[in-house]
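Every read-out reported here was derived from the displayed coordinates using simple, explicitly stated rules and does not represent laboratory data. These figures come from a predicted structure and were not determined experimentally. Cβ placement follows ideal geometry from the backbone for every residue including glycine, while neighbour counts extend to all protein chains displayed.
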Amino acid sequence: MQALSRAGIVHSTMGQSGGYLLTRPAGEISALEVVRAVDGDEPAARSPSLTWPPASTPTATAPP
């Protein structure tokens, strides 16, 4: 929740009646925005074989 608070998606209130509230209507917050706030912009793992767009696209050829 701290990551969402730092990103400005939620606001926290301490105390007996505290908790978290969205800073704007839920329909204005995208899932991508939440994921980036929690996970960051960099992927957790990278593989050279999973780059996009691919360097070349193999094509099927008929045997001679």
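Brief remarks on what is shown
- Among Arg24, Arg36, the ranking by other beta carbons within 10 Å of each residue's beta carbon, starting with the fewest, stands as Arg24, Arg36.
- Relative contact order of the stretch 2-41, pairs being alpha-carbon contacts under 8 Å that are 6 or more residues apart, as %: 39
- Under a 5 Å amide H cut-off, with hydrogens placed 1.01 Å from N, Ile9 pairs with nothing among residues at least 5 apart or on other chains.
- Kirkwood-Stokes translational diffusion coefficient of the stretch 2-41, alpha-carbon pairs, 10 °C, 1.306 mPa s, µm²/s: 149
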